[in-house]
Amino acid sequence: MGIPDYQTLMLPLLRLLADGRDIAVAEARERIAAQFNLTEQERRELVPSGKKLLYADRLSWATSYMKQARLLESPKRGVYRITGRGREVLATRPTRIDVDLLDQFAEFREFRERASAGSEPAQPSTEESERATPEESLESAYQRLRKGIERELLEQVKSASPLFFERLVVALLVRMGYGGSLRDAGEAIGRTGDGGIDGIIKEDRLGLDVIHIQAKRWDGRTIGRPDVQSFAGSLDGVRAKKGIFITTSTFTNDARSYVDRIDKRIVLIDGDMLAGLMFDNGVGVTPVAAYEIKRVDSDFFAEEQ
């Protein structure tokens, strides 16, 4: 079944509070997860940004929306309680509580109007995004934008010259903390060494260890096990244990399986991963705008009981 969207969680949460007793957040989260037979893996699944738990975040939004509609309240931090209006809604025996149902209440409509005015992300328009929380909609839009930029980055890299690709590899690795200075790394990469090794770079700024690099600006050709095995053999020739194989293309499953089985530590970076690393480390991209998402700090408003 998977993790329910935040609107699907509203009715089970309100029913859980129907007996009128106060329920702590942790108890509500556990009991509703059990109702939906969520696995441990589903309970621990993170949102795309990796900063919080997806299920817990959706339940939090379900709570927030019903509080805005005055169906439930929070008498103290981390505790839920049903209101008289909430009991009235349950008395109608609804099959579902969602945004459309909450819209009958003036307080919720005012909340939505404030949100559309800019205090929160606008509500999505498609059926799929209507099931998402505002933060999920924003995250989804960001991921779509990012993927588009990454595709464009990869096309630019593929169309560049081999010399430019070498400089790109240098800039990226230095930005990631390898190779010391740009000058040191630039002198190391691009020198085709014996046995097919394209370059050697410091693993840290002090040069306590080194990593051997092979970079292939290929388009359309999938790199298989023989290519990777040849690179591993080159490492044997210089008694090296660590290597990075970078390509604008892709690796076969056999190639990836091979590096998992050998003693050497070889990292395979394909075109998609390369573009992602460029994006994350600010190589070939420039910031346009930044948005900081904030929430009400419940601790700030918590009063001594």
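Within region 243-301, being hydroxyl-bearing (Ser, Thr, Tyr), open to solvent by 90 Å² or more (accessible area, probe 1.4 Å) and under 25 Å from Leu168 (Cα atoms) holds for one residue alone: Thr286. Within region 134-147, residues that are in contact (Cβ under 8 Å) with a residue 40 or more places away in the chain sit with their Cβ atoms under 7 Å from residues that are in a helix (DSSP H, G or I) and open to solvent by 40 Å² or more (accessible area, probe 1.4 Å), at 6+ positions apart or across chains, in these pairs: Arg146/Phe279. Mind checking which pairs have a first residue in region 163-176 that is over 13 Å from Leu274 (Cα atoms) and a second that is assigned to a helix (DSSP H, G or I), Cβ under 7 Å, 6 or more apart or different chains? Hits for this filter: Val174/Leu182; Val174/Ala185. Restricting attention to region 100-114, which residues are surrounded by fewer than 16 Cβ atoms within 10 Å (Cβ to Cβ), of a type outside the set (Gly, Ala, Ser) and in a helix (DSSP H, G or I)? Of everything in region 100-114, those that are surrounded by fewer than 16 Cβ atoms within 10 Å (Cβ to Cβ), of a type outside the set (Gly, Ala, Ser) and in a helix (DSSP H, G or I) turn out to be Asp100, Glu107, Arg109, Glu110, Glu113, Arg114.
To keep it simple, each residue is scored yes or no on (1) closer than 14 Å to Glu136 by Cα; (2) open to solvent by 50 Å² or more (accessible area, probe 1.4 Å).
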{"residue": "Arg43", "(1), (2)": "no, yes"}
{"residue": "Pro48", "(1), (2)": "yes, yes"}
{"residue": "Lys51", "(1), (2)": "yes, yes"}
{"residue": "Leu54", "(1), (2)": "yes, no"}
{"residue": "Ser60", "(1), (2)": "yes, no"}
{"residue": "Thr63", "(1), (2)": "no, no"}
{"residue": "Arg70", "(1), (2)": "no, yes"}
{"residue": "Arg77", "(1), (2)": "no, yes"}
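Regarding Thr8, is this residue part of a loop (DSSP other than H, G, I, E, B) and either hydrophobic (A, V, I, L, M, F, W, C) or under 27 Å from the mean Cα position of the chain (by Cα) (or both)? In short, yes. What number of residues within region 16-37 are closer than 18 Å to Asp57 by Cβ and of a type in the set (Val, Ile, Thr)? Adding up the residues that qualify gives 2. Looking only at region 7-17, decide whether some residue is among the hydrophobic types (A, V, I, L, M, F, W, C) and either over 25 Å from Val89 (Cβ atoms) or at pLDDT below 95 (or both). No, there is no match, as no residue in region 7-17 is among the hydrophobic types (A, V, I, L, M, F, W, C) and either over 25 Å from Val89 (Cβ atoms) or at pLDDT below 95 (or both).
Would you be able to say whether some residue in region 201-214 is touching a strand residue (DSSP E or B) at 6+ places or on another chain (Cβ under 9 Å), under 26 Å from Arg151 (Cβ atoms) and at pLDDT below 90? Yes: region 201-214 contains one or more residues that are touching a strand residue (DSSP E or B) at 6+ places or on another chain (Cβ under 9 Å), under 26 Å from Arg151 (Cβ atoms) and at pLDDT below 90. In region 219-242, of all residues being without any contact (Cβ under 8 Å) to a residue 60 or more places away in the chain, outside any helix (DSSP H, G or I) and not hydrophobic (A, V, I, L, M, F, W, C), the one that is least open to solvent (accessible area, probe 1.4 Å) corresponds to Gly224. The number of residues in region 56-77 being over 15 Å from the mean Cα position of the chain (by Cα) and in a helix (DSSP H, G or I) comes to 12.
Select from region 200-218 the residues that are assigned to a loop (DSSP other than H, G, I, E, B) and either aliphatic (A, V, I, L, M) or surrounded by 14 or more Cβ atoms within 10 Å (Cβ to Cβ) (or both) and list them in ascending order. Across region 200-218, the qualifying residues are Glu203, Leu206, Leu208, Arg217, Trp218.
The values are calculated or read from the model by the stated rules, or taken from the named source; none is laboratory data. This structure is a prediction, so every number in the text was calculated from the model and none was measured. In this analysis, Cβ positions are derived from the backbone assuming ideal geometry, glycine residues included, and neighbour counts consider all displayed protein chains. In case anyone asks, the SASA skips ligands and DNA or RNA and just uses the protein heavy atoms, side chains included. Shrake-Rupley method; radii C 1.70, N 1.55, O 1.52, S 1.80 Å.
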